[in-house]
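Novice: First the structure, which I've put down as structure tokens, then a few questions once you've had a look.
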Amino acid sequence: MDVQTWTYLIVGLTFALYIGIAIWARAASTGEFYVAGGGVPALANGMATAADWMSAASFISMAGIISFDGFDGSRYLMGWTGGYVLLALLLAPYLRKFGQFTVPDFVGDRYYSKTARLVALICAIFISFTYVCGQMRGVGVVFSRFLFSEVEGPMLFGFEPITWGVLIGMTVVFFYAVLGGMKGITYTQVAQYCVLIFAFMVPAIFISVMLTGNPIPQLGLGSNVIGEEIALLDKLDGLSTQLGFDAYTQGNKSTTDLFFITMALMVGTAGLPHVIIRFYTVKKVSAARVSAFWALLFIAILYTTAPAVAVFARTNLLETVPNKPYAEAPQWLKSWENAGLIAWMDKNDDGIIQYTKGASMVGKPAYDGDNRGENKERLLFNQPTEGANELYVDKDIMVLANPEIAKLPNWVIALVAAGGLAAALSTAAGLLLVISTSVSHDLVKKTLAPGISDKQELLIARCAAGVAVVIAGIFGVYPPDFVASVVAFAFGLAAASFFPAIIFGIFSKRMNKEGAISGMIVGIVFTAAYIIYFKFINPDANTAESWWFGISPEGIGTLGMLINFAVALIVCSFNKAPPQDVINMVENIRQPEKEGEELAVSDH
Amino acid sequence: MSDKTSSNSNGEYWRSNLRIVGILMSIWFIVSYGCGILFVDQLNKIQFGGFRLGFWFAQQGSIYVFVILIAVYVRMMSKLDKKYGSKQD
């Protein structure tokens, strides 16, 4: 069977599975819709958390970025896993002990203020939207290559295939997030974790055996190349420098910038509302801790494999593409060119693909419809750059193209597509839930109309999820940057807003509402302004010389967080201490759990 | 339950909790920011199988340590819960 048929088959089967689970586990009450009734076993919750948290960025983009950035890609590996440690040690158990539905709930009660709840609410919605757009884009990338490009050619009814991909992704997520709520999402995510980890590991193991003879990719990464007396990483360093790239294992970013970006990603992970909300779905504080362990273990399987996949893919790419005639280029290169994610501009008219450091053209590829050049390549409107590089490769495709590059069987290629979709859909669903919960519970029920019934609240939650899907889809079609960049900004914003407020809320009894609110506002406004300035208003100035202290927009969330901490402390000291019942509440969060407390959630 | 003894033991519980978290967070910082970023060039001079050690810490080792950290945390906290939980009943 060809790739196309396999993809339809495997993707179709997994989708049927998700929808079946969603129908089986659909939510009947707000308790089930928001936190699955608070009764999910720790192991299953760990798996669901892992799927929730490993997004399209982790599955599709991360190994691709590492593949191109080499050592600098470490920021995502350490950032996204290290943040989990912060979450497990500093936030999750205490928030679970507090026992409400959402982060704005905690912030609102701890800072005894509707304003605080509202500020936290706006931050939660803003962050979730930024993040969900990245997921929709990821869905689009998968669909554009595997479900359309070979049937209809590049264009379908006047839209690029990627647009169609986003539309289909929207429909599926809409269906099971709106119907199943947290209960449906949790059990779907357990299934999605199994699909995505299987899909990630199978090609990695195949390629590891082919390249190094070692079936464990983590060890293959440190082994010698098969039949040669040279370590894989040394060989890749050699290949890279020979072609004019930087050595793979050496960093390009300044230590300061790498430090700040990694910190923003770590703290951002810990502050992401859709991850925090997962700890409300287990019965006890001890179960929240255990489930955090399982989650990180499940995440670590993918995260320690990703750098191996990155190296395998890079080695294969550099061995098969550069300095070969386009006419003899492998089929995958042309398929991805049709999908709009690879472009080749024959600057010196020799028909040979020159691939080296530097951009090949100005901006992203703008294809001249389906018009072809002398060598049958897609023609481009872009201006060429001065450099010798002729090849544009979208970083997002590396994981998806990897099995094709390594000439693995067709079912493996289809499996990877299903895995990428599982990763994107599970995260998107979790985020949509946060958005709808924020609107129906925090905004309508707790702020605007406290009198509404459980049924009405549930209806509002479902409508909000529906609206959110549509908006996310629009941003998915017109994204600000590629997937991981979009997501990286969400982390910066989470780092600069929630994290300090929650930390103070648990570890300081003195922190009052004035301090926390002003900290959150200053933190998120500062971070958003810095990002918007360098990314949208004045992108030409986005260079190391004009950044503050050499910190890129990706890492600015860390500075935003420090500013948040400082502002909160200063404002706090000029205002009076919080009331006694709030101090008692903090005292209670810090105590060991007593018998009987674990049922708190089901009372709602 | 008498208020005074309970608040004393709660204070102790919280202090032990902070000590555990503090130690684990220091290790967290050392393996990631220390070995993976700040001292990566120095560590890269050491060869570790087919890896340079700094590179290995940044892309593999730190993640393994993170998993172990949480496992240790879960064990220590459940011990602590037992110790103080039984006093309150």
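Throughout, read-outs are computed from the coordinates displayed, never taken from laboratory work. These figures come from a predicted structure and were not determined experimentally. So basically every Cβ, Gly included, is an ideal-geometry build from the backbone, and we count neighbours across all protein chains shown.
Novice: I need to check one value: relative contact order of region A:342-393, counting alpha carbon pairs closer than 8 Å and at least 6 residues apart, in percent. Numbers along the way, then the final one.
Specialist: On the way: 91 pairs, mean separation 26.8, N = 52.
Taking the mean separation of contacting Cα pairs over the length of region A:342-393, I get 52 percent.
Novice: Also: If you count, for each residue, the other Cβ atoms within 10 Å and average over each peptide, how do A:434-444, A:382-392 line up from highest to lowest? Each step should come with its number before you reach the end.
Specialist: On the way: A:434-444: 25.5, A:382-392: 16.5.
Highest to lowest by the protection proxy: A:434-444, A:382-392.
Novice: I need the peptides A:296-302, B:39-45 ranked by packing, meaning the mean over residues of other C-beta atoms within 10 angstrom, with the highest value on top.
Specialist: Packing order, densest peptide first, comes out as A:296-302, B:39-45.
Novice: Moving on. Helix B:62-88: angle to the longest alpha-carbon principal axis of chain B, degrees 0 to 90, nearest 10?
Specialist: The answer is roughly 10 degrees.
Novice: Another question, then. Modelled label-to-label distance, B:SER9 and A:ARG372, 7 Å Cα→beta-carbon offset: nm?
Specialist: Distance between the two pseudo-spin positions: 8.0 nm.
Novice: Then there's this: Please list the three semi-axes, largest first and in whole Å, of the ellipsoid equivalent to the protein assembly as shown, using sqrt of 5 times the eigenvalues of its alpha carbon gyration tensor.
Specialist: 42, 28, 24
Novice: For a 24 Å ceiling on Cα separation, which of these pairs sit above it: A:LYS284/A:LYS576; A:LYS253/A:LYS407; A:LYS253/A:LYS357; A:LYS235/A:LYS364; A:LYS324/A:LYS407; A:LYS334/A:LYS395?
Specialist: Flagged as over cut-off: A:LYS284/A:LYS576; A:LYS253/A:LYS407; A:LYS235/A:LYS364.
Novice: Same structure again: Enumerate the calculated ³J(HN,Hα) couplings along region A:395-404 in order (Karplus 6.51 cos²θ - 1.76 cosθ + 1.60, θ = phi - 60°), each rounded to whole Hz, writing x wherever the residue is Gly or Pro.
Specialist: My calculation for region A:395-404 gives 4, 5, 8, 4, 5, 6, 7, 3, x, 6 Hz in order.
Novice: Now for a different question. What value, in deg cm²/dmol to 500, does the helix sum -39500 (n - 2.57) over DSSP H runs of n ≥ 4 give at 222 nm once divided by the residues of the protein assembly as shown?
Specialist: Calculated from helices alone, the mean residue ellipticity at 222 nm is -21000 deg cm²/dmol.
Novice: Here is a follow-up. To the nearest 10 degrees, how steeply does helix A:232-242 sit against the main Cα axis of chain A, on a 0 to 90 scale?
Specialist: It works out to around 60 degrees.
Novice: Whole-Hz ³J(HN,Hα) for each residue in region A:45-61, computed from phi via Karplus 6.51 cos²θ - 1.76 cosθ + 1.60 with θ = phi - 60°, x for glycine and proline: what do you get?
Specialist: The phi angles translate into 5, x, 5, 4, 4, 4, 5, 4, 8, 7, 9, 4, 5, 5, 7, 8, 8 Hz.
Novice: Would you mind checking which residues have amide H under 5 Å from A:MET361's amide H? H placed 1.01 Å from N; only 5 or more apart, or other chain.
Specialist: It is A:THR385, by chain and number.
Novice: Now, a different point. What shape does region B:3-88 have by the C-alpha gyration tensor, where a ≥ b ≥ c are the square roots of the eigenvalues, rounded means a/c under 1.5, and otherwise prolate means a/b greater than b/c and oblate the rest?
Specialist: Prolate shape, in that a/c is at least 1.5 and a/b is the bigger ratio.
Novice: Once amide H atoms are placed 1.01 Å from N in the peptide plane, what residues at a sequence separation of 5 or more from A:ILE352, or on another chain, have their amide H within under 5 Å of its amide H?
Specialist: A:TYR326
Novice: Sticking with this one: Considering the Cα positions of region A:237-295, please state its Rg to one decimal place and its Dmax as a whole number of Å.
Specialist: Computed over the Cα atoms of region A:237-295, radius of gyration and Dmax are 19.3, 57 Å.
Novice: Right, here's the next one. Based on Cβ point charges of +1 for Lys and Arg and -1 for Asp and Glu, what charge dipole magnitude is obtained for region A:189-278 about its Cα centre, in debye rounded to the nearest 20? Working shown, then result.
Specialist: Details: 3 positive and 6 negative charges, 89 e Å.
Around 420 debye, computed over region A:189-278.
Novice: Residue by residue, what Karplus-based ³J(HN,Hα) values in Hz, rounded to whole numbers, does region A:102-109 have, using 6.51, -1.76 and 1.60 with θ = phi - 60° and x for Gly and Pro?
Specialist: For region A:102-109, the Karplus-derived couplings read 9, 5, x, 4, 4, 4, x, 6 Hz, x marking Gly and Pro.
Novice: Given labels modelled 7 Å from the Cα in the Cβ direction, how far is it in nm from A:THR171 to A:ASP581?
Specialist: With each label placed 7 Å out from Cα toward Cβ, I get 5.1 nm.
Novice: Report, as an integer, the average count of C-beta atoms from other chains found within 10 Å of each Cβ along B:12-22.
Specialist: Average neighbour count from other chains, rounded to a whole number: 2.
Novice: Please compute the Cα-Cα pair-distance distribution of region A:342-393 with 5 Å bins starting at 0, giving whole percents from short to long.
Specialist: 5, 24, 33, 27, 9, 1
Novice: Mind checking the angle between helix A:454-477 and chain A's longest principal axis? C-alpha axes, 0 to 90 degrees, to the nearest 10.
Specialist: Once rounded, the angle reads 30 degrees.
Novice: Name the residues whose placed amide hydrogens come within less than 5 Å of the amide hydrogen of A:LEU380, ignoring near sequence neighbours (fewer than 5 apart) on the same chain.
Specialist: Under 5 Å from the amide H of A:LEU380 lie the amide H atoms of A:ASP368, each far enough along the sequence or on another chain.
Novice: Hey, how many Å between the Cα centroid of region A:162-230 and the Cα centroid of region A:1-21?
Specialist: 15 Å
Novice: With labels modelled as points extended 7 Å from the Cα through the Cβ direction, what inter-label distance (nm, one decimal) is found for A:TYR112 paired with A:THR241?
Specialist: Going by the 7 Å Cα→Cβ label model, 6.4 nm.
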